[in-house]
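Okay, structure first, notes after.
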Amino acid sequence: MGRRILFLGPPGAGKGTQAKRLASVLGVPHISTGEMLRRAVELGTELGKKAEAIMAAGDLVPDGLVVAMVAERLAEDDARCGYLLDGFPRNAAQAAALDAEIGEGAMELAISIEVGADELMARLLGRAAELGRSDDNEETIGRRLQVYRDETEPLLDYYPAHSVDVVGVDGVGSIDEVFVRVVTALGDAS
Ligand code: ADP
């Protein structure tokens, strides 16, 4: 079994960029529920139709739908030798569902990318101005940050309570600088 790593961090922390890069170095699939859901919306699948308005509002897609989507993805061959999860689990119920699906060893280490509130808001508003994703607008950004604080941040306590270390990485700096910190944190933790 290869590495089983989870990336945590608020929207705008840059975790997708770092997660993708680390996954390619480790040779494990980068499994991003946000990307999978955006693809489902683009393709107009049943799941995409259910998720579209919820995502546009900055809310969480119902746990049952996301858990089923991830379980299916983790059952694919390439995930047998490890994976890097990005954007999932996003609340304690999803974390418990993952443990139930895969067993207690589902996760080996969580890396939390840390960026302060003011910097986050500036980055997200910058991304909104560039006309990126449809959920990158001012109202939705506030909602996504609130959902992060209410639902996802508690995972920073959930995982240590379930014997999974969470290592914090300072997410302020260039992509390369942050990546060096991520790799260092991973080395220190293993
Ligand atoms: P960000 O971290 O920048 O908010 P993501 O790409 O991870 O972006 O997610 C975008 C949106 O997709 C979320 O706001 C949410 O609506 C939906 N989503 C992604 N992952 C999950 C999940 N695990 N559970 C529920 N909804 C999710």
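The values are calculated or read from the model by the stated rules, or taken from the named source; none is laboratory data. Keep in mind that this is a model prediction, so the values were computed, not measured. Cβ coordinates were reconstructed from backbone atoms using ideal geometry, including for glycine residues, and neighbour counts include every protein chain displayed.
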Item to complete: Please tell me if Val66 is within 19 Å of Tyr159 (Cα to Cα), crowded, with 17+ Cβ neighbours inside 10 Å, of a type in the set (A, V, I, L, M, F, W, C) and within 8 Å of the ligand (Cβ to nearest atom).
Response: no
Discussion item. Would you confirm, using the coordinates I've provided, whether Asp77 is surrounded by fewer than 19 Cβ atoms within 10 Å (Cβ to Cβ) and in contact with a helix residue (DSSP H, G or I) (Cβ under 7 Å, 6 or more places away or on another chain)?
Written reply: no
Item to complete: Provide a single number: the residues in segment 116-135 that are among the basic types (Lys, Arg) and assigned to a helix (DSSP H, G or I).
Response: 2
Discussion item. Go through segment 88-114 and report how many residues are farther than 23 Å from Val67 by Cβ and crowded, with 20+ Cβ neighbours inside 10 Å.
Written reply: 1
Worksheet item: Quick check: is even one residue across segment 47-57 under 25 Å from Asp136 (Cβ atoms), of a type in the set (D, E, K, R) and more than 10 Å from the ligand (Cβ to nearest atom)?
Response: yes
Discussion item. From the list Asp118, Asp170, Asp99, Asp150, exactly one residue is at pLDDT below 95 and under 19 Å from Lys15 (Cα atoms). Which is it?
Written reply: Asp118
Discussion item. Just to be sure I understand the filter: pairs with C-beta atoms under 6 Å, separated by 6 or more residues or on different chains, first member in segment 1-29 and on the phi > 0 side of the Ramachandran plot, second member among the polar types (S, T, N, Q) and surrounded by 18 or more Cβ atoms within 10 Å (Cβ to Cβ). Which pairs pass?
Written reply: Gly9/Ser112
